[in-house]
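The values are calculated or read from the model by the stated rules, or taken from the named source; none is laboratory data. Everything quoted here is computed from the prediction, not taken from an experiment. Cβ placement follows ideal geometry from the backbone for every residue including glycine, while neighbour counts extend to all protein chains displayed. Keep in mind that these areas ignore ligands, DNA and RNA; they rest on the heavy atoms of the full protein, side chains included. Shrake-Rupley method; radii C 1.70, N 1.55, O 1.52, S 1.80 Å.
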Amino acid sequence: MKVEFFKHNIGQEEIDAATQVLHSVFLTNASQTIVFEKRFSEYLGIAHTVAVNSCTAALHLALEAFGIGEGDEVITTPMSFIATSNAILHARATPVFVDIEPDTGNIDTTRIEAAITDKTKAILPVHLYGNLCDMKAIRTLADKHDLIVIEDAAHCIEGERDGVRVGELGDAAGFSFYATKNITSGEGGALSLHDGDVAEKLLKLRLHGINKDAASRYTGKFQHWDMDTLGYKYNISDIHSSLLLGQLERIETLLEAREKVSQFYERRFLESGVRFVKVPPATKSARHLFVIQTDNRDDTILKLQQTNIGVAVNYNPIHLNSYYREAFGYKEGDFPLAEQFGASVISIPLYPKLTEEAYEYVAQSVIDTVRS
Ligand SMILES: *Cc1c(COP(=O)(O)O)cnc(C)c1O
């Protein structure tokens, strides 16, 4: 048996919707994107969504739109995909890492205050694997020190904790629709936020800083446009938005399917002593990744690959990448909890298309491999 690490959920409905866009006049950012932004906002219960071409772009734009730049420090976690802190660098600000909680892998909110300086302007927490950070604690700290909070919610569209939903307490939340995310258009992203004035700014920043979007330039009465701000080429296309709309409608059903597989893994691993990252109490997990932990991680990966099971590592900590070592002088030992955690994690297949036979095979192979 062979089990892919991931399979997407683009079905006939999405293919039909994308085909319709392909038969239309205008392929890029237009009506389907506007509908997607509206539905995504409704789903989250957040007033505004600006769709872009990646979560990296969303985080970068959020930092710029909230006025964060050169000389500013942004507190974040080393236990994430490099996109999180790269976005801070794209905004010409400095990432300041804070070590993690060893059981969730999320930023340890009790360590944040010690990292705040006169230069700190924002906190950028990551809801790792789909489990929300302690957003109440983060909001309280941010209010006390007058900081912006931008959530990296690439793993966590559906997440909730302590009655708080993703993006609810942050100033903005960035989402990813990259190929392996919970809903996907291959590439894509969005930023959801409460403040309408900042949302207006973002609409402009995502398209070069010009004051008319492409669709209204094309379809409206001829009008000259002007560029008054330096923006970016970060807009999404209607082809992508049309692929996302149907998946968004099914998002809770897709989550139920991942929840079922996750609970099966949890039962099997608890009874056989395989370590895994657990969902904290009072949390509705978005169940983006299922992560086991072992002391001999690379050896376990090789053995699992020999049983034809696709696996991934999410993540080796950011600060140990060559660029970060060279630019900031980071070294092993700087964030010991993130390093230990990162050295132990293996993500195993978790997606709605996993058949019962496949996830039973994965669980058994993991148990056999870890025990051997
Ligand atoms: C995927 C991911 C990103 C980047 O998303 P893109 O859409 O590929 O830019 C950022 N943060 C985390 C935690 C991710 O997993």
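Going by the structure shown, is LEU128 within 15 Å of the ligand (Cβ to nearest atom), closer than 25 Å to THR253 by Cβ, touching a Lys or Arg at 6+ places or on another chain (Cβ under 6 Å) and modelled with pLDDT of 95 or more? Walk me through it before giving the result.
Values: within 15 Å of the ligand (Cβ to nearest atom): yes; closer than 25 Å to THR253 by Cβ: yes; touching a Lys or Arg at 6+ places or on another chain (Cβ under 6 Å): no; modelled with pLDDT of 95 or more: yes.
So LEU128 does not fit the description; no.
Can you tell me which residue within segment 8-26, out of those that are loosely packed, with under 15 Cβ neighbours inside 10 Å and not in a helix (DSSP H, G or I), is modelled with the lowest pLDDT?
Looking at the filtered set, the residue picked out is VAL25.
On the given criteria, is GLY167 over 20 Å from TYR351 (Cβ atoms), within 16 Å of the ligand (Cβ to nearest atom), in contact (Cβ under 8 Å) with a residue 60 or more places away in the chain and in a loop (DSSP other than H, G, I, E, B)?
In short, yes.
Out of everything in segment 291-322 that is over 25 Å from the mean Cα position of the chain (by Cα) and surrounded by 16 or more Cβ atoms within 10 Å (Cβ to Cβ), what residue ends up being nearest to ARG371 (Cα to Cα)?
The qualifying residue nearest to ARG371 (Cα to Cα) is THR300.
Would you mind telling me which numbered condition in (1) touching a Cys at 6+ places or on another chain (Cβ under 8 Å); (2) without any contact (Cβ under 8 Å) to a residue 40 or more places away in the chain ALA91 fails?
That leaves (1) as the condition not met.
Does ALA83 meet the test of being within 16 Å of the ligand (Cβ to nearest atom), open to solvent by less than 40 Å² (accessible area, probe 1.4 Å) and closer than 30 Å to THR19 by Cβ? Lay out the reasoning, then the answer.
Working: within 16 Å of the ligand (Cβ to nearest atom): yes; open to solvent by less than 40 Å² (accessible area, probe 1.4 Å): yes; closer than 30 Å to THR19 by Cβ: no.
So ALA83 fails the test.
Considering segment 342-372 alone, what residues qualify as being open to solvent by 10 Å² or more (accessible area, probe 1.4 Å), of a type in the set (A, V, I, L, M, F, W, C) and more than 21 Å from ALA257 (Cβ to Cβ)?
Scanning segment 342-372 gives ALA343, VAL370.
Could you give every pair whose Cβ atoms fall below 7 Å, whose first residue belongs to segment 356-370 and is on the phi < 0 side of the Ramachandran plot and hydrophobic (A, V, I, L, M, F, W, C), and whose second residue is in a helix (DSSP H, G or I) and open to solvent by 10 Å² or more (accessible area, probe 1.4 Å), counting only separations of at least 6 or pairs across chains?
ALA363/PHE264; ALA363/ARG268; ILE367/ARG268; ILE367/SER272
From the list THR49, THR33, which residue is crowded, with 21+ Cβ neighbours inside 10 Å, assigned to a strand (DSSP E or B), among the hydroxyl-bearing types (Ser, Thr, Tyr) and in contact with a strand residue (DSSP E or B) (Cβ under 7 Å, 6 or more places away or on another chain)? Show your work before the answer.
Details: THR33 fails: assigned to a strand (DSSP E or B).
Answer to the selection: THR49.
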